[in-house]
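Novice: Before I ask anything, let me first share the structure, which is written out below as structure tokens.
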Amino acid sequence: ANGEFYIPLATTEGALVASYHRGAKATRLCGGITSLCLIEGVRRSPVFKFENLADLGTFLIWVLKQEEEFRNIVSLTSRYAQYTDMITNIEGNHLILTFEFQTGDASGQNMVTICTDAICKYVIDNAPLKPVIWFIEGNYSGDKKATALSFTGVRGKKVTAEVELTREVIASVLKTTPEAMASYWQSSTIGVIQSGSIGAQGHYANGLAALFIATGQDAACVSEASVGITRMEIKGDNLYASVTLPNLIVGTVGGGTALPTQRECLEIMDCYGDGKSRKFAEICGALVLAGELSIAAALSAGHFTSAHQKFGRNK
């Protein structure tokens with residue numbers, strides 16, 4: 001993603017739009033945000049149940065030798081999906097096989113389900129020992145939920161974004177100081193750790209939900225996409241800030257992206273169609289960072305309540 005972008009948001013919360021606009025203005029005045037899509041992949045995790053561990057072991061030894069065949073099955077099942085990895089997890093007589101795929105410019109959840117189903121049917125038909133029962137998803141992949149596995153791999157696209165804000169812009173646009181923002185963020189991070197939250201961030205879900213709805217993404221995926229880490233620290237006389245999102249499930253083809261208004265919203269950012277999903281993910285990361293800066297500024301300066309009173313939807 002290179003350049004300047006207007007970001008479409010679908011929300012009934014007026015304060016949200018004002019807050020993200022303010023954060024974006026501050027970053028623009030300081031030279032913009034650097035956002036990078038690091039890795040990508042989508043997982044599906046079928047589970048197989050056996051009579052005992054011995055049977056499970058026999059089955060697994062055979063499965064581990066089939067990865068080349070799995071790649072062939074995927075290539076015949078989908079034009080876009082690519083098989084990349086298989087991870088095993090054993091719990092008693094249960095075996096979870098987590099298959100990871102590249103899904104092109106689609107968010108890919110339906111795609112990986114269909115490919116995994118084809119793999120599993122091959123396994124069931126050809127394995128020397130059959131499981132007692134199996135299910136296409138063992139509730140391990142992280143689909144539609146925040147999980148402790150978020151930072152050990154990737155689900156969708158992993159994006160990190162950074163910016164350095166000057167003291168002057170923080171004073172004029174965000175109405176606070178670098179020291180106040182960094183101090184607030186240190187305290188809030190201690191608080192979020194104590195709450196047991198996965199990750200440490202302010203309100204990723206606000207911006208992502210509004211952008212997802214506007215652009216035809218699966219809005220329920222905000223539950224996993226909003227996992228992440230925000231960091232703010234003093235750098236000389238300035239404020240350094242970054243966000244990292246390991247579970248950004250987004251696409252620029254398929255699903256709701258082709259609906260008229262949603263397609264138009266993607267086209268506003270030149271993010272509709274093939275070859276645009278990584279760009280869109282990087283824009284998502286930049287949007288989230290703008291929102292984190294604005295909310296941290298409001299809370300550090302004591303403006304959080306008055307902003308909602310002024311811009312709230314009841315007005």
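Novice: If you check Ala171 against the conditions, is it of a type in the set (Gly, Ala, Ser), open to solvent by 20 Å² or more (accessible area, probe 1.4 Å) and under 18 Å from Val222 (Cα atoms)?
Specialist: Answer is no for this residue.
Novice: Among the residues of the range 45-98 satisfying the criterion of being assigned to a strand (DSSP E or B) and of a type in the set (S, T, N, Q), which is nearest to Gly251 (Cα to Cα)?
Specialist: Among those that are assigned to a strand (DSSP E or B) and of a type in the set (S, T, N, Q), it is Gln82.
Novice: Scan the range 254-302 for residues that are of a type outside the set (Gly, Ala, Ser), outside any helix (DSSP H, G or I) and open to solvent by less than 40 Å² (accessible area, probe 1.4 Å) and jot them down.
Specialist: Of everything in the range 254-302, those that are of a type outside the set (Gly, Ala, Ser), outside any helix (DSSP H, G or I) and open to solvent by less than 40 Å² (accessible area, probe 1.4 Å) turn out to be Met269, Cys271.
Novice: Restricting to the range 123-150, count the residues that are open to solvent by 40 Å² or more (accessible area, probe 1.4 Å), closer than 21 Å to Ile90 by Cβ and under 31 Å from the mean Cα position of the chain (by Cα).
Specialist: Final tally of qualifying residues: 8.
Novice: Could you tell me which of the residues Thr257, Thr215, Thr261 is of a type in the set (Val, Ile, Thr) and under 30 Å from Gly31 (Cβ atoms)?
Specialist: Being of a type in the set (Val, Ile, Thr) and under 30 Å from Gly31 (Cβ atoms) holds for just one of Thr257, Thr215, Thr261, which is Thr215.
Novice: Taking only the range 190-220 into account, find how many residues are assigned to a helix (DSSP H, G or I), hydroxyl-bearing (Ser, Thr, Tyr) and in contact (Cβ under 8 Å) with a residue 12 or more places away in the chain.
Specialist: Looking only at that region, the number is 1.
Novice: Would you check if Thr27 is open to solvent by 60 Å² or more (accessible area, probe 1.4 Å), touching a residue at least 12 places away in the same chain (Cβ under 8 Å) and of a type in the set (S, T, N, Q)?
Specialist: no
Novice: From the list Leu38, Leu9, Leu56, pick out the single residue that is open to solvent by 70 Å² or more (accessible area, probe 1.4 Å) and either small (Gly, Ala, Ser) or in contact (Cβ under 8 Å) with a residue 24 or more places away in the chain (or both). Break it down into steps so the answer makes sense when it comes.
Specialist: On the way: Leu9 fails: open to solvent by 70 Å² or more (accessible area, probe 1.4 Å); Leu56 fails: open to solvent by 70 Å² or more (accessible area, probe 1.4 Å).
None of the others qualify; the one that does is Leu38.
The values are calculated or read from the model by the stated rules, or taken from the named source; none is laboratory data. Everything quoted here is computed from the prediction, not taken from an experiment. We place every Cβ from the backbone using ideal geometry, glycine too, and count neighbours over all the protein chains shown. Please note that ligands, DNA and RNA were not included when accessible areas were found on the heavy atoms of the full protein model with its side chains. Shrake-Rupley method; radii C 1.70, N 1.55, O 1.52, S 1.80 Å.
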